[in-house]
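Asks: If you scroll down you'll find the structure; I have some questions about it.
Every number here is computed from the coordinates shown, using simple stated rules; none is lab data. As the structure is a computational prediction, the values presented were derived from the model and not from experiment. Counting neighbours? That spans all protein chains shown, and the Cβs are built from the backbone with ideal geometry, glycine included.
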Amino acid sequence: MALGLIWKPKGVGSQDALGLLKTELNLDTKGRQGMGHTGILDPFAEGLLLCGTEEGTKLLAPLTGLDKVYETTLCFGRSSDTLDDTGEFMDPQGEEAARVSAWLSRPDSEIDSDLKSFLVSVTESQFDQVPPHFSAVHIDGKRSYEWARQGIQKELKSKTVNVFETQHLGVRRDPEGCILWDFRLRVSSGTYIRALARDWGLELCGFPGHLTRLVRTAVGPFGEGVFESKSIPVEHPFWKPLALEDFKVFFDIHYLSEFEAELLRKNGRWAPEPHPQARLLVGPNSIGTVAWTEAGSGKIGRVFTADPF
């Protein structure tokens, strides 16, 4: 299988996760050649990456930019330079400390109610977000996190992001009395949940928050419920192959005759047919999926030299 989902463990970078996949599938390739995924996941986080190997990499382009689903825990009352629990911690000082203390001193039930209402208010919202300094954004020839590790904070451009769906999962306190807020949300591609922790912490209690947990549970229509556990032990297989049937939620399927399929695969012969949705062009079983076409124009995106499924 050349297309599938992997569960990236916490503490492993997305590119390193491809190395684990190479070992899992016993791929005989040089480095990460012939491998790819549709979106970086922070080393701090765990969860799903939609990956392709060999011919499957040709199908990643139309799948890049899908919305993501996360379950996360936001800590109010303390922050860090990385906006997660891997960085250098910072506590509020002076007037900030007084405001945060007053906010934290309220009953848990009151805070729970306020956070639940806040989450409702940001559901189906669109706003501009500045990425964290510890992020993979390219600026002045380096990634932002490389500058940040040198103690340099470059000015990053904001981008428009969307929060589509939310679910309040509850609040609790850590041993230091900080509030830990558990919630789930579906967001547009490129949304930084760590930046939400920073901004929502400032808005709600007067000091940036940080994440203590971040789990990606779905990439677009792919992933919800495919793994039984939200935290899979490293010794368990983390590869979930996907079949053609799984992609019918994203692509329309157009079936070709054997003659059409062979002609397209051999010389790329295809008369574009405008269609509102991206399509997979599928030949008989002996040939399999031959190509994908762009949404709207119906032009060929890529032709597969072998069935990616």
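Asks: Over the Cα atoms of region 248-303, Rg to Rh with Kirkwood Rh, two decimal places? Mind dumping the intermediate values first?
Replies: Details: Rg = 10.3 Å, Rh = 11.0 Å.
Ratio value, two decimals: 0.94.
Asks: At q = 0.07, 0.11, 0.15 Å⁻¹, what is the base-10 log of I(q)/I(0) for the chain according to the Debye formula with one equal point scatterer per Cα and no solvent? Please give it to two decimals.
Replies: -0.34, -0.77, -1.21
Asks: Given a Förster distance of 30 angstrom, what is the FRET efficiency for Q33 paired with E273, based on the Cβ-Cβ distance and rounded to 0.05? Could you put the intermediate results ahead of the total?
Replies: Values: r = 34 Å, r/R0 = 1.13.
Step by step, r from the Cβ atoms, then E = 0.30.
Asks: Which value does Rg/Rh take for region 68-219 over its C-alpha atoms, Rh per Kirkwood?
Replies: Working: Rg = 15.3 Å, Rh = 15.9 Å.
Over the Cα atoms of region 68-219, Rg/Rh equals 0.96.
Asks: Under 5 Å between amide hydrogens, which residues at least 5 positions from F183 or on another chain qualify, with H placed 1.01 Å from N in the peptide plane?
Replies: Placed amide hydrogens put T72, L74, L169 under 5 Å from F183.
Asks: Hey, another quick one. For the peptides 90-96, 51-57, what is the packing order when you average, over each peptide's residues, the other Cβ atoms within 10 Å and list the highest mean first?
Replies: Values: 90-96: 12.1, 51-57: 21.1.
Result, highest mean first: 51-57, 90-96.
Asks: Across region 121-129, in residue order, what do the Karplus-derived ³J(HN,Hα) couplings come to in whole Hz, using 6.51 cos²θ - 1.76 cosθ + 1.60 with θ = phi - 60° and x for Gly and Pro?
Replies: These are the phi-based 3J(HN,Hα) values: 5, 9, 5, 6, 10, 10, 7, 8, 9 Hz.
Asks: Would you mind checking the pairs K22/K58; K10/K30; K58/K266 and listing those with alpha carbons more than 21 angstrom apart? Working shown, then result.
Replies: Numbers: K22/K58 17 Å; K10/K30 25 Å; K58/K266 16 Å.
Exceeds cut-off: K10/K30.
Asks: OK, next. Sort the following peptides by mean Cβ neighbour count (other Cβ atoms within 10 Å, averaged over residues), highest first: 13-26, 207-220. Before the final figure, lay out the partial values.
Replies: Values: 13-26: 15.3, 207-220: 21.7.
Top of the packing list down: 207-220, 13-26.
Asks: Additional query: Report the label-to-label distance for S158 and R172 in nanometres (one decimal), using points 7 Å from each Cα along the Cα→Cβ vector.
Replies: Between S158 and R172, the label points sit 3.5 nm apart.
Asks: Read phi for every residue in region 41-56 and hand back ³J(HN,Hα) as whole Hz from Karplus 6.51 cos²θ - 1.76 cosθ + 1.60, θ = phi - 60°, with x for Gly and Pro.
Replies: 10, 3, x, 4, 8, 10, x, 8, 10, 8, 10, x, 10, 6, 4, x
Asks: Using 0.36 nm times the number of residues separating A97 and D128, minus their current alpha carbon distance, what extension gain do you get? If you can, show how the numbers build up before the last one.
Replies: On the way: separation 31, 0.36 × 31 = 11.16 nm, distance 2.73 nm.
Net length gain for the segment: 8.4 nm.
Asks: By the gyration tensor of its Cα atoms, with a ≥ b ≥ c the square roots of the eigenvalues, what is the shape of region 1-62: rounded for a/c under 1.5, prolate for a/b over b/c, or oblate?
Replies: oblate
Asks: Suppose R0 equals 41 Å. What FRET efficiency, 1/(1 + (r/R0)^6) with r the Cβ-Cβ distance, do E110 and T64 give to the nearest 0.05?
Replies: Working: r = 42 Å, r/R0 = 1.03.
The formula returns an efficiency of 0.45 here.
Asks: Could you give the angle, 0 to 90 degrees to the nearest 10, between helix 258-267's Cα long axis and the longest principal axis of the Cα atoms of the chain?
Replies: That helix lies at roughly 70 degrees to the long axis.
Asks: Multiply the residue gap between V12 and E245 by 0.36 nm, knock off their C-alpha separation, and tell me the result in nm, one decimal place.
Replies: Stretched fully, the V12-E245 segment lengthens by 80.9 nm.
Asks: Taking amide hydrogens as modeled 1.01 Å from N in the peptide plane, which residues meet the under 5 Å criterion relative to V282, leaving out close sequence neighbours?
Replies: H254, Y255, L256, V290
Asks: Excluding residues on the same chain fewer than 8 positions from K157, give the lysines whose Cα lies under 26 Å from its Cα.
Replies: Partners within reach: K68, K142.
Asks: Same structure again: Could you sort 149-158, 74-83 so that the peptide with the highest average Cβ count within 10 Å comes first and the rest follow in order? List each step's numbers first, then the result.
Replies: Working: 149-158: 11.1, 74-83: 22.8.
Answer by packing, highest mean first, reads 74-83, 149-158.
Asks: Right, something else. Which whole-Hz ³J(HN,Hα) couplings does region 205-220 yield from phi under the Karplus relation 6.51 cos²θ - 1.76 cosθ + 1.60, θ = phi - 60°, glycine and proline marked x?
Replies: For region 205-220, the Karplus curve yields 10, x, 8, x, x, 8, 8, 9, 7, 8, 10, 8, 9, 7, 10, x Hz.
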